[in-house]
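Participant: Before I ask anything, let me first share the structure, which is written out below as structure tokens.
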Amino acid sequence: MSDRIFDAAGLQGVLARLRQNAPRIHCLTNPVAQTFTANVLLALGAVPSMTLSVDEVAGFAASADGLLVNLGMLEPERRAAIPLAVDAARQAGKPIVLDPVFVQRSPSRCALAREILAGGVSLLKSNREEMDVLFPDRDGAQRLAKQETALVVTGAEDDIVYSGRQVRLANGSPLLAQVTATGCALGAVLAACLAVEPDPLIAAASGVSIFNIAAELAADRSRGPGSLVPELLDALYLLNEGDLQRHLGVVHAGDILDRRTL
Amino acid sequence: MSDRIFDAAGLQGVLARLRQNAPRIHCLTNPVAQTFTANVLLALGAVPSMTLSVDEVAGFAASADGLLVNLGMLEPERRAAIPLAVDAARQAGKPIVLDPVFVQRSPSRCALAREILAGGVSLLKSNREEMDVLFPDRDGAQRLAKQETALVVTGAEDDIVYSGRQVRLANGSPLLAQVTATGCALGAVLAACLAVEPDPLIAAASGVSIFNIAAELAADRSRGPGSLVPELLDALYLLNEGDLQRHLGVVHAGDILDRRTL
Amino acid sequence: MSDRIFDAAGLQGVLARLRQNAPRIHCLTNPVAQTFTANVLLALGAVPSMTLSVDEVAGFAASADGLLVNLGMLEPERRAAIPLAVDAARQAGKPIVLDPVFVQRSPSRCALAREILAGGVSLLKSNREEMDVLFPDRDGAQRLAKQETALVVTGAEDDIVYSGRQVRLANGSPLLAQVTATGCALGAVLAACLAVEPDPLIAAASGVSIFNIAAELAADRSRGPGSLVPELLDALYLLNEGDLQRHLGVVHAGDILDRRTL
């Protein structure tokens, strides 16, 4: 294991640059997640924009520092906006994060996710169930690796895979699962980290760590999922280098551990 | 009064089964209510889904354990989705809750509410004003009773009527009225209770009691409507058998008290 | 400086009438802001309504006590609803507040904002950047003054200009900028104040003061932007005459200080 791949120093640098650069992330995300996602970005020092209008979205996406495409709920208006925003971000060379929410339950979302992936994105964030539906064979996943797309596979532990290397992280709180849209908001944090860190592995591992360490600190101060929301936003706002140093839970940083995550 | 109709033991059983079975409730609800409704269901141990897309909604509704149809705001997309979801839930035999928000101010919502009621729903949740508009004569309400639709009429006290029996409950907090979407979220809780309790009277009385007892506990810890939101979610998450026993406010459980509620 | 133009007594009167009259404000606002805006109005004792449906919106706007038109995100459905609501409010003589969010980034929003302004609104709330795009020459701003439109220009200090008079206020908290939709919610508060106070200058200065004094009190109790949200709603709910007296930050109340704000 090479602890040079991802460590507290790298993580601290990403958080500092987030606050310094204040990247604007254009978020095409589901209505349930919009307000919380905007507040997560603001608490971190980043800036959200959210318009879905087809006559505006390309301009907003091209001028942003990153784009989040979340397929949850996928109302027709957002579906129409997504290709315009993705094309604009690609042409402008901006990082794109895809979160293929519930593709296992919707053939139309699955088709759209595959189409977006085929054109190339910076990062795919999914859980194991969504991965299995998107990549029923391993060849598809290998192709994804060739396209230089970073993978974040969330679960009890979180795996980040990019360019033949893997980081496994063990931060977080079970309370996160009892608040809606926490996974969706993580997608926006990942886009913000990609906007300030050129190495996708470090950016992705930093985004997961920042969000999940803040969640741990927040859960320690919460009675339940209701108080977790304000506590998590406060924790993201107050997070400092010492917190990151003390709480970072790197289980592995080095070669690929598990072929199934490719 | 027969206290066998609804009592703390019945209520405790419903809460235990909610947490054990984790029913998924598909919610077609207004945009203002979506996030809070999702968080209320999650805090209780249930699972929300919310898509409105016409190509997805029937599948999501049929595979859910219950359906909430809330007419607040009624944007065109949701209006198009509602009949598809209602048909799918009916065919799959899943409980349906209708919340006819503001039908007194919108003829088109009123017409849609009547159309849905004519086809049969498991539970109608409304306030007195909405009831008066939906049922200007008593015959309509009698027909509803024949369709085996449970009624929840909210107010200073809450009435639940089903199959010739009535429960009147006196829990809650005045602060609930100063937070948006609390009534809408109650609709989702009612659907979740119907998913785990076959007797609609007990299910409905349990849903009202769980929500309103949690609100009482939360109000005791709140300075105002802002802190009520996290406190209410925490209270739903932490609610235990003793709380239900101590706070349950059954004013009546037995024969129909008041013909006007039919 | 004439401190008769706007002082604590005038402000206290507006807050008292808000709570007594409970004006209903119809809000055509962006999805990210809807829930928070509704909760801000409810915490103050006002009543929100939010439907965007083209078959309902004119009726809801005409029967409300005020209308908020916020151009953030501007999805097609809201864009279609806005002219109907504005016409209905104008014909019914109800106050209209326009918040031209991000017109500097969207030519189509800018065109719509100019069209609404040309027809006359009670109050335009904007920041300096939006003002510069809406009024590249001063003649446009002079025309606005002739139309009896009050201006609220937000910034480090907030300027209110109406009918040759100006109030400059210095309340607020930097934390407000790290919570989404706080400026959007202020627009709804301004509409509520116009519904209970006939002098647009006093109404606008009261709305800004109520919101920003509550924010100061809330920030003193907050660890970060997460806790600010419940604290701000509690503070709006608990705000009393003494708070307003002690905290009101009038920098100027009298003649126009700065021609650029016209």
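The values are calculated or read from the model by the stated rules, or taken from the named source; none is laboratory data. The model shown is predicted, which means the values in this text are computed figures rather than measured ones. Note: ideal-geometry Cβ built from the backbone for every residue, glycine included; neighbour counts use all protein chains shown. Protein only, heavy atoms only, side chains kept; ligands, DNA and RNA dropped before computing areas. Shrake-Rupley method; radii C 1.70, N 1.55, O 1.52, S 1.80 Å.
Participant: Translational diffusion coefficient of the protein assembly as shown at 10 °C, 1.306 mPa s, Stokes-Einstein with Kirkwood Rh over Cα pairs, in µm²/s as a whole number.
Facilitator: The Stokes-Einstein estimate is 59 µm²/s.
Participant: Taking the Cβ of C:E75 as the center, what net charge do the other residues with Cβ under 12 Å away carry, scoring Lys and Arg +1 and Asp and Glu -1?
Facilitator: With Lys, Arg at +1 and Asp, Glu at -1, the neighbours total -3.
Participant: Here's a follow-up. What number, in nm² with one decimal, is the all-direction average of the projected area of the convex hull of the alpha-carbon atoms of region A:162-244?
Facilitator: 5.6
Participant: One decimal, nm, shortest first: give the distances between the label point of B:A170 and those of the same position in the other copies, each label point 7 Å from Cα along Cα→Cβ.
Facilitator: Listed shortest first, these distances are 5.4, 5.4 nm.
Participant: Could you go through region C:10-21 in sequence order and give the Karplus-derived ³J(HN,Hα) for each residue, using 6.51 cos²θ - 1.76 cosθ + 1.60 with θ = phi - 60°, rounded to whole Hz, and x for Gly and Pro?
Facilitator: x, 4, 4, x, 5, 4, 4, 6, 4, 6, 6, 8
Participant: While we're here: Which residues' amide hydrogens lie under 5 Å from the amide hydrogen of C:C27, considering only partners 5 or more residues apart or on another chain, with H built in the peptide plane?
Facilitator: Amide H neighbours of C:C27, under 5 Å, 5+ apart: C:S49, C:M50, C:L68.
Participant: Show which lysines lie in cross-link reach of A:K125 when reach means a straight Cα distance below 18 angstrom and same-chain residues fewer than eight apart are skipped.
Facilitator: A:K94, A:K146
Participant: In Å², and per residue, what accessible area does region A:8-257 have when probed at 1.4 Å with the other protein chains present?
Facilitator: I get 32 Å² per residue for this part.
Participant: Return the distance in nm (one decimal) between the two label points of a simple spin-label model at A:N240 and B:H247, each offset 7 Å from Cα along Cα→Cβ.
Facilitator: 3.8
Participant: May I pose another question? With runs of 4+ DSSP H residues as the only contributors, calculate the mean residue ellipticity of chain A at 222 nm using -39,500 (n - 2.57) per run, divided by the residue total and rounded to the nearest 500.
Facilitator: So the helix-based figure for chain A works out to -16000 deg cm²/dmol.
Participant: Further question on the same structure: Classify region A:1-152 as rounded, prolate or oblate from the Cα gyration tensor: take a ≥ b ≥ c as the square roots of its eigenvalues, call it rounded if a/c is under 1.5, otherwise prolate when a/b beats b/c and oblate if not.
Facilitator: oblate
Participant: Report the accessible surface area buried between chains A and C, summing both sides, using a 1.4 Å probe on protein heavy atoms only, in Å² rounded to the nearest 100.
Facilitator: Summing both sides, the interface buries roughly 1900 Å².
Participant: For region B:1-156, give the percent of accessible area contributed by carbon and sulfur heavy atoms, probe 1.4 Å, rounded to a whole number.
Facilitator: Ligands and nucleic acids excluded, carbon and sulfur give 53 percent.
Participant: Copy-to-copy spacing for C:A156, label 7 Å out on the Cα-to-C-beta vector, in nm, shortest first?
Facilitator: Label-point distances to the other copies, shortest first: 5.4, 5.4 nm.
Participant: Give me the distance in nm between label points sitting 7 Å out from Cα along the Cα-to-Cβ direction at B:S108 and A:D255, one decimal.
Facilitator: Roughly 6.4 nm, to one decimal.
Participant: I'd like the distance between the alpha-carbon centres of region B:20-57 and region A:82-128, rounded to an integer number of Å.
Facilitator: Value for the Cα centre distance between the two parts: 24 Å.
Participant: On a C-alpha basis, how far is the centre of region C:189-262 from the centre of region B:231-245 in Å? Whole number, if you could?
Facilitator: 36
Participant: What shape does region A:8-257 have by the C-alpha gyration tensor, where a ≥ b ≥ c are the square roots of the eigenvalues, rounded means a/c under 1.5, and otherwise prolate means a/b greater than b/c and oblate the rest?
Facilitator: Since a/c stays below 1.5, the shape of region A:8-257 is classed as rounded.
Participant: Place the label 7 angstrom along Cα→C-beta at B:E129 and in each other copy, then list the distances from the first to the rest in nm, shortest first.
Facilitator: Those separations, rounded to one decimal, come out as 4.0, 4.0 nm.
Participant: Pick from A:S49, A:S209, A:S108 the residue whose mean-square fluctuation is largest in a GNM of chain A, springs joining Cα atoms under 10 Å.
Facilitator: Result: A:S108 has the largest fluctuation of those listed.
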